[in-house]
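Can you read through this structure? Questions will come right after.
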There are 2 protein chains.
Amino acid sequence: MTKVTYKSDIEIAQEASIEKISTICEQLQLEEEDWEPYGKYKAKLSLSLFDKLRTKKDGKVILVTSINPTPAGEGKSTVTVGLGQALNAIGEKAIVALREPSLGPSMGLKGGAAGGGYSQVIPMEDINLHFTGDIHAITTANNALAAFIDNHIHRGNELKIDPRKIVWKRVLDMNDRALRQVVVGLGGPLQGVPREDGFDITVASEVMAIFCLASDMNDLKRRLAAMVIGYTYDHEPVTVADLKVEGALTLLLKDALAPNLVQTLENTPAIIHGGPFANIAHGCNSIIATKLAAKLGDYVVTEAGFGADLGAEKFLNIKARYAQIKPSAVVIVATARALKMHGGAKKDELASENLVALKAGMANLQKHIETIQAFGLPLVVAVNHFVNDHEEEIDYILSWCQEQGVKAERAEVWLKGGAGGEALARTVLAITESEENHFAPLYTLDQSLEEKITIIAQKVYGASRVDFSPKALVQLKEFEHNGWGTLPVCMAKSQYSLSDDPTKLGRPTDFTITVRELKASVGAGFIVALTGNVMTMPGLPKHPAALQMDVTEDGKAKGLF
Amino acid sequence: MTKVTYKSDIEIAQEASIEKISTICEQLQLEEEDWEPYGKYKAKLSLSLFDKLRTKKDGKVILVTSINPTPAGEGKSTVTVGLGQALNAIGEKAIVALREPSLGPSMGLKGGAAGGGYSQVIPMEDINLHFTGDIHAITTANNALAAFIDNHIHRGNELKIDPRKIVWKRVLDMNDRALRQVVVGLGGPLQGVPREDGFDITVASEVMAIFCLASDMNDLKRRLAAMVIGYTYDHEPVTVADLKVEGALTLLLKDALAPNLVQTLENTPAIIHGGPFANIAHGCNSIIATKLAAKLGDYVVTEAGFGADLGAEKFLNIKARYAQIKPSAVVIVATARALKMHGGAKKDELASENLVALKAGMANLQKHIETIQAFGLPLVVAVNHFVNDHEEEIDYILSWCQEQGVKAERAEVWLKGGAGGEALARTVLAITESEENHFAPLYTLDQSLEEKITIIAQKVYGASRVDFSPKALVQLKEFEHNGWGTLPVCMAKSQYSLSDDPTKLGRPTDFTITVRELKASVGAGFIVALTGNVMTMPGLPKHPAALQMDVTEDGKAKGLF
């Protein structure tokens, strides 16, 4: 066997023939007033474009999701970028809409959210570092609010906020486990009021979720004002509106709210904007970005975080509902390697052909197909081809899909860029035209929180029942009493399993989902149901990726990927 | 008396006829590869310009400083901007070089660092909010290092860092008193190692000081590597180089290191880059910015933080030494109102004419004149004219200066822009040509730390002696032992008084300066001598400015100033 070596993502990205962002803007027929440059290869698009293009018909939204992620990787962002490139390659006008990567994790583990191989968004160093500063603006707004809260208490506490019942946490865009649990306000009466506190990573902030669900600047302010920061001594919710700082927070987010335009390696326009967690938040890029991409292109290819049980479920039950988006098709990404893991193969045995494990693992894909069908949407399975994959395995997945009456295509976008996704692109076009689309969320807002949670657990996860902890039961009552019962539900669950036990791969059956606790994200507009422990502040590994990072003599980023 | 009303700073700024930044770049004869746009009105200038312009003669550096600040205000930034505009108005090619304002304080008290009236830098909302993200990049680098330190200890502590002796603090660009003293790492063995910690405001970070003292990217990395983050159990210093993360920190600062170009209200080019505290750091914009401005213009007008006892002293003893800059002239800004406070007038009586207080207050100005003379530099006093000032008082200051043989000019730049500073500009030009310039720092690097501190205290503050606390005495020995004795000294002292007692206005005599503690900023390249308590994390007032902030329907900033 000949040993083939492949270039690293950063090598491919740095060698790309990148167009100036002004050229991409021209390609989108934008005028000078419609955008602002951030360096030569990034731009912010003006929100006034919505007004300008209000009579233009919206493009079709294609949602890319996947099976449950495994350490083997599934390549959802790569397929999203590759499909966008492929649609353009076959003559369609497509735009990619992705989440902004968080900087913190890039200091820890190798990897990023900018696609891979010949299906990447560029300039990848910028995108994976500070980009246009949106996440820094969100950090600032989040922490300004924290400072206003502690200052309010220090200055007499007119609102009678109980320092033991503050639910607002500070954030940093950093993997910093030492900040998970802290005590603040120490040092005597001049330094504020001591209390327990903690830091989350910025992408876990409710401000990030709001940023991604707001329809415009006024809606942003309205949602920020509605955020609950804690409770009074009488256990009444205290909101940002009570503190009168929603204007200041909006001001801090004003420029960030304009979506960011970059391009893929094949110069397909890519809008990258917002990136909330897919566990305690809804895991999709901003509504503003998706809707603007739909105004500017005939097709928007966008992704949602984690597998279809989390990302797609939330895209369809939360984001699509608030945005009034009707997706035209769903792409479910699967890989032979990941399916083998779901079928019992070990991580260090994935290089070997193993049809037994693969067959057993198909059950995971099957459940996600059923979920998308339950939402009434046309779908296609994209078999993302890794360079050392075995042909027999790929063929097996494709023929399995055929037997189920499910469309499936091989995606070789990592190695070949858009050219490797043309068959997938044609199938996507075909199903948006020919297949029936009865899209509807799985629950209505007038159902109780308990009902909503139960519907998701049973229809999406395949659970047999839902247990609520005593704490969650009390909260269910409280939240309904506070008038929050009509909000959608945002499930925080392990991404690795359909169940709430990350070790149960494949398609677990006859299991119970345990809701440990609820969290009210009233500004974002959802109630988070926490199952198991959800990590909202990651830590660094023993040998962080940062140890390899550097700047070369000629000023280039080194060691990022 | 007719009541005259004046427009607010933000009204003037938002009504200004701003040029596109591309026009300002053309005016500076920059080519496309020399700069990158950040929006339509901001740019980052390429560091490769130094290479391109290496044969061009450097422009002259004019340093603007002031008497000791009082609550009456002295308007140093306003005079800096106004003088730059005035020099251009009379046909010279001048560039303004200022510090970047910190966002945190703008949420607290009204006011900013972008000048005032008709002598402002614009777009002022951008400059006072996130600007081009430099300060966010510094926050990130600072906190990444903190995370690396705690992770190192959590992962086995190979370097044997004593968690009780960590001197590296986390930072936020926020006024947040509750973070001054905290305990981190709580929650059991999975959450790191509990220890006492604290947050400073970002501009107090040593990373900010380094950012401003680095001569290029390699020097930045070298200085970052040299930072001391704490001590081992054997009390040996531990550096960033020991943790091997100087490359990652440099990568996080790579784009920020390029200086930011904006303009004044009269379209004078302004480079705004870096903004360290003027107490525990040196309080001047970046060396890269000042030197690049000198390459691009025939005159650079730049300022240093607080009064001449802190800002100018550090500009001349630290920044000018590292940058090998020889300033051509110094402007000392004084106002009748502030001089009256130095002479004993109360804050609420400043509107009334009070020649007795004014005469008594001249002693403060006199000391600063003597200080600049001690550095061997030509100087001019700029009497910054407030709109309700009494003519008799202004006349008195001017004639007092004349009697002393000191040049002085009225500056009406707040009300009239550059036109109000033309006389000042002509005098500045004259003294750079005609007066002798024997510039030299007040001490040499081979003098001991104790000698350096004593020279500053006696020659700049007029102290009769210096006391060192027992702790400081131990540190003096330790620091000399660690090889840090040859670094310059950075004094942290109250800005309100020449002494270390903020209540002693005017020109106190026969006083002792007490050095409480030393702090080694080895990467920045100075030893901080702390006198009294220096606030490195401000708090918010009872009614923070944030309460008035908002975004208007058409997306404009409201309530910023």
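Considering only the range B:413-459, state which residues are in a loop (DSSP other than H, G, I, E, B), open to solvent by less than 50 Å² (accessible area, probe 1.4 Å) and without any contact (Cβ under 8 Å) to a residue 60 or more places away in the chain.
B:Q447, B:S448
Give B:A225, B:A209, B:A178 a once-over and let me know the one that is part of a helix (DSSP H, G or I), of a type outside the set (D, E, K, R), modelled with pLDDT of 95 or more and in contact with a Gly (Cβ under 7 Å, 6 or more places away or on another chain).
B:A178
Condition first: among the polar types (S, T, N, Q), in contact (Cβ under 8 Å) with a residue 12 or more places away in the chain and not in a helix (DSSP H, G or I). Now tell me which residues in the range B:300-349 satisfy that.
B:T302, B:S328, B:T335
Right, next: Select from the range B:164-188 the residues that are within 11 Å of chain A (Cβ to nearest Cβ), more than 26 Å from the chain's Cα centre (by Cα) and of a type outside the set (A, V, I, L, M, F, W, C) and list them in ascending order.
The answer is B:G185, B:G187, B:G188.
Residues A:T239, A:T264: which one is of a type in the set (S, T, N, Q), buried (at least 24 other Cβ atoms within 10 Å of the Cβ), out of contact with any His (no Cβ under 9 Å at 6 or more places or on another chain) and away from chain B (no Cβ under 12 Å)?
Sole residue among the options that is of a type in the set (S, T, N, Q), buried (at least 24 other Cβ atoms within 10 Å of the Cβ), out of contact with any His (no Cβ under 9 Å at 6 or more places or on another chain) and away from chain B (no Cβ under 12 Å): A:T264.
Looking at the range A:549-556, can you tell me whether even one residue there is under 30 Å from A:A360 (Cβ atoms), within 14 Å of chain B (Cβ to nearest Cβ) and not polar (S, T, N, Q)?
For the range A:549-556, residues under 30 Å from A:A360 (Cβ atoms), within 14 Å of chain B (Cβ to nearest Cβ) and not polar (S, T, N, Q): absent.
Follow-up question, since we're still on this one. Just to be sure I understand, how many residues within the range B:320-340 are more than 28 Å from B:I210 (Cβ to Cβ) and open to solvent by 10 Å² or more (accessible area, probe 1.4 Å)?
Residues flagged as more than 28 Å from B:I210 (Cβ to Cβ) and open to solvent by 10 Å² or more (accessible area, probe 1.4 Å) within the range B:320-340 amount to 1.
Looking at the range B:55-70, is at least one residue modelled with pLDDT under 95 and either open to solvent by 10 Å² or more (accessible area, probe 1.4 Å) or of a type in the set (A, V, I, L, M) (or both)?
yes
Take A:K254 and decide whether it is within 30 Å of B:Y41 (Cα to Cα), open to solvent by 10 Å² or more (accessible area, probe 1.4 Å), away from chain B (no Cβ under 14 Å) and in contact with a helix residue (DSSP H, G or I) (Cβ under 8 Å, 6 or more places away or on another chain).
no
Suppose we keep only residues that are within 13 Å of chain A (Cβ to nearest Cβ) and touching a strand residue (DSSP E or B) at 6+ places or on another chain (Cβ under 8 Å) within the range B:212-236. Which one would you say is surrounded by the most Cβ atoms within 10 Å (Cβ to Cβ)?
Among them, the one singled out is B:K221.
Restricting attention to the range B:465-484, does a residue exist that is among the aromatic types (F, W, Y), at pLDDT 95 or above, part of a loop (DSSP other than H, G, I, E, B) and not assigned by the TED database to the domain that holds B:Y299?
yes
Now, a different point. Of the numbered conditions (1) open to solvent by 10 Å² or more (accessible area, probe 1.4 Å); (2) within 7 Å of chain A (Cβ to nearest Cβ), B:A144 satisfies every one except a single condition; which is it?
With respect to (1) open to solvent by 10 Å² or more (accessible area, probe 1.4 Å); (2) within 7 Å of chain A (Cβ to nearest Cβ), B:A144 is out only on (1).
Could you please tell me which pairs satisfy a Cβ distance under 7 Å, a separation of 6+ or placement on different chains, a first residue in the range B:231-252 that is in contact (Cβ under 8 Å) with a residue 24 or more places away in the chain, and a second residue that is open to solvent by less than 20 Å² (accessible area, probe 1.4 Å) and among the acidic types (D, E)?
Pairs that qualify, where the first residue is in contact (Cβ under 8 Å) with a residue 24 or more places away in the chain and the partner is open to solvent by less than 20 Å² (accessible area, probe 1.4 Å) and among the acidic types (D, E), are B:Y231/B:D162; B:T232/B:D162; B:Y233/B:D162.
While we're looking at this one, here's another question. For residues that are within 20 Å of A:A546 (Cβ to Cβ) and either open to solvent by 10 Å² or more (accessible area, probe 1.4 Å) or not assigned by the TED database to the domain that holds B:Y233 (or both), tally how many sit in the range B:162-179.
Residues in the range B:162-179 being within 20 Å of A:A546 (Cβ to Cβ) and either open to solvent by 10 Å² or more (accessible area, probe 1.4 Å) or not assigned by the TED database to the domain that holds B:Y233 (or both): 3 in total.
Of the residues B:L109, B:L159, only one is over 22 Å from A:A256 (Cα atoms), in contact with an Asp or Glu (Cβ under 9 Å, 6 or more places away or on another chain) and surrounded by fewer than 24 Cβ atoms within 10 Å (Cβ to Cβ); which?
Result of the check over B:L109, B:L159: B:L159.
Counting only residues that are within 18 Å of the chain's Cα centre (by Cα) and among the charged types (D, E, K, R), how many does the range B:57-82 have?
Total meeting the criteria: 2.
I need the full set of residues from the range B:122-141 which are part of a helix (DSSP H, G or I) and either closer than 18 Å to A:L547 by Cβ or within 7 Å of another protein chain (Cβ to nearest Cβ) (or both), in order please.
Of everything in the range B:122-141, those that are part of a helix (DSSP H, G or I) and either closer than 18 Å to A:L547 by Cβ or within 7 Å of another protein chain (Cβ to nearest Cβ) (or both) turn out to be B:H136, B:A137, B:T140, B:A141.
Have a look at A:E196, A:E206 and point out the one that is charged (D, E, K, R) and in contact (Cβ under 8 Å) with a residue 60 or more places away in the chain.
A:E206
Check the range A:191-199 and report whether any residue there is closer than 22 Å to A:T140 by Cα and within 18 Å of the chain's Cα centre (by Cα).
no
Another question, then. Please find, among B:A204, B:A209, the residue that is more than 11 Å from every other protein chain (Cβ to nearest Cβ) and closer than 12 Å to B:I287 by Cα.
Answer to the check: B:A209.
If you check A:G198 against the conditions, is it over 20 Å from B:W168 (Cβ atoms), at the interface with another protein chain (Cβ under 8 Å from one of its Cβ atoms) and buried (at least 17 other Cβ atoms within 10 Å of the Cβ)?
Judged against the criteria, A:G198 is not a match.
Could you list, in sequence order, all residues of the range A:83-106 that are open to solvent by 30 Å² or more (accessible area, probe 1.4 Å), over 18 Å from the mean Cα position of the chain (by Cα) and touching a residue at least 60 places away in the same chain (Cβ under 8 Å)?
Passing the criteria: A:N88, A:A89, A:I90, A:E92, A:K93.
Answer with yes or no whether B:H154 is within 8 Å of another protein chain (Cβ to nearest Cβ), closer than 16 Å to A:V171 by Cα and either open to solvent by less than 10 Å² (accessible area, probe 1.4 Å) or modelled with pLDDT of 95 or more (or both).
No: the conditions fail for B:H154.
Could I ask something else about it? Say whether the condition of being more than 30 Å from B:D126 (Cα to Cα), among the hydroxyl-bearing types (S, T, Y), open to solvent by 10 Å² or more (accessible area, probe 1.4 Å) and at pLDDT 95 or above is met by at least one residue in the range B:520-530.
No.
The values are calculated or read from the model by the stated rules, or taken from the named source; none is laboratory data. Computed from a predicted model, the values in this text were never measured in an experiment. Backbone-built Cβ (ideal geometry, glycine too); neighbour counts: all protein chains shown. Side chains are part of the model used for accessible areas, which takes the heavy atoms of the whole protein and leaves out ligands, DNA and RNA. Shrake-Rupley method; radii C 1.70, N 1.55, O 1.52, S 1.80 Å.
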